[in-house]
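This report concerns only the one structure given below.
The values are calculated or read from the model by the stated rules, or taken from the named source; none is laboratory data. If you're wondering where the values come from, they're calculated on a predicted model, not measured in any experiment. Here the Cβ is made from the backbone with ideal geometry for all residues, glycine too, and neighbour counts use every protein chain on show.
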């Protein structure tokens, strides 16, 4: 484990291999699971204000759910706010491009319609951030999910570690200096 600026980085993040393979999984992380994407407070405020701008990026069923229930839901078991889900588990912000599921929020961001790229929890995936209440630190861990088996294989063949795959998102969450310290610590431990 590496600790940087009150963030504990578990070994899986720095040692396991991963590189998303959308051709294989078709974006299953957008429609699988029991809870929506975890949201930070600032994301909740932004999402509540941009649903109308996101409408063209979403299908009728998602737009209907947004109008009826909104895009944000509180999930009791993990005690967190996340993106709302359809009864079949698909994220309300899911957007299809052929057979591939994408994030409608991110598509709007790419087009300059949204200031929010997508929830940082989605951007970081397969890295998960949890609060360790025993010491007040955040804990960065690698979430192993069978729908990502192809991403693990691709990561091995491309020799990309989880933290390297998530570099842009880690910088978005913690800053460039944090990432540089993490990278240096990993390389130092590999050489000793």
What's the total number of residues in the range 92-144 that are crowded, with 19+ Cβ neighbours inside 10 Å and part of a strand (DSSP E or B)? 8
Only one of these is closer than 24 Å to residue 146 by Cα, modelled with pLDDT under 95 and out of contact with any strand residue (DSSP E or B) (no Cβ under 7 Å at 6 or more places or on another chain): 33, 70. Name it. 33
I'd like to check something: does the range 168-176 contain any residue that is within 18 Å of the chain's Cα centre (by Cα) and touching a residue at least 60 places away in the same chain (Cβ under 8 Å)? yes
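Rundown of residues vs (1) touching a helix residue (DSSP H, G or I) at 6+ places or on another chain (Cβ under 7 Å); (2) within 25 Å of residue 3 (Cβ to Cβ); (3) in the same structural domain as residue 12 (by TED's automatic domain parsing), yes/no style:
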{"position": "138", "(1), (2), (3)": "no, yes, yes"}
{"position": "141", "(1), (2), (3)": "yes, yes, yes"}
{"position": "146", "(1), (2), (3)": "no, no, yes"}
{"position": "149", "(1), (2), (3)": "no, no, yes"}
{"position": "156", "(1), (2), (3)": "no, no, yes"}
{"position": "160", "(1), (2), (3)": "no, yes, yes"}
{"position": "170", "(1), (2), (3)": "yes, yes, yes"}
{"position": "173", "(1), (2), (3)": "yes, yes, yes"}
Take the conditions surrounded by fewer than 21 Cβ atoms within 10 Å (Cβ to Cβ), within 23 Å of residue 34 (Cα to Cα) and out of contact with any strand residue (DSSP E or B) (no Cβ under 6 Å at 6 or more places or on another chain) and apply them to residue 175. Does it pass? no
Looking at 89, 82, which is the one that is under 25 Å from residue 20 (Cβ atoms) and in a loop (DSSP other than H, G, I, E, B)? 89
Just checking, does the range 3-15 include any residue being modelled with pLDDT under 90, buried (at least 17 other Cβ atoms within 10 Å of the Cβ), touching a strand residue (DSSP E or B) at 6+ places or on another chain (Cβ under 7 Å) and under 30 Å from residue 137 (Cβ atoms)? no
